[in-house]
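Where a number appears in this text, it was derived from the coordinates with a stated rule and is not lab data. Please read all numbers here as calculations on a predicted model, not as lab measurements. Cβ placement follows ideal geometry from the backbone for every residue including glycine, while neighbour counts extend to all protein chains displayed.
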Amino acid sequence: MIPPIKKILYTTDLSKNSVYTFYHAVDMAEKYDARIVILNVLEPISAKAYGSGKEKLELEQHKVSLEVIKNRIQAFCKKVEQRNATCALVVSEILVRVGDPAEEILKAAEETAYDLIVLGTHGKGFLAKTLLGSVSRAVMDRARKPVFLVPIPSEESTAWDEL
């Protein structure tokens, strides 16, 4: 028997195309009466490059990430009007962490009882068509929870432009 899906970890890099992946996470959350926790991982800032301003810059990045995520959730829910009543309600928490994206996603998945990890995959560079992105590959290979990968549409999508 497949365990019920009640808590979904949706990871985002805050790219425009990540909204496409969020659409799938919301759809699953509504179908399974589940809640979504959004995770954004910031790359660490080098102390050598910023010196004593490192902590202030990381705090500012954290605030900006939270604001971007909140604004995108609101815009997404307005765009998908038929879901507007429940769309924002499926998001129970927003997390922003600093570190290696794959490691932080795996750490979050282990720390909390998520039933499913949802992330978009987009290879970068000339190997994009044959390989998964390094983050999605690392998560898929090492996760102890089911992973739902959403490939970014190959054609330029304008459906999410205003988000």
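Sequence-distant or interchain residues sharing an amide H contact under 5 Å with LYS7, placed H: which?
Close amide H contacts, sequence-distant or interchain: ARG35, ASP115, LEU116.
Sorted from fewest to most neighbouring beta carbons within 10 Å, what does the list VAL64, VAL135 look like?
Lowest count first: VAL64, VAL135.
Go through the stretch 28-42 residue by residue and turn each phi into a ³J(HN,Hα) via Karplus (6.51, -1.76, 1.60, θ = phi - 60°); whole Hz please, and just put x for glycine and proline.
Going residue by residue, I get 5, 4, 5, 5, 9, 6, 9, 10, 10, 10, 8, 10, 10, 10, 8 Hz, with x marking Gly and Pro.
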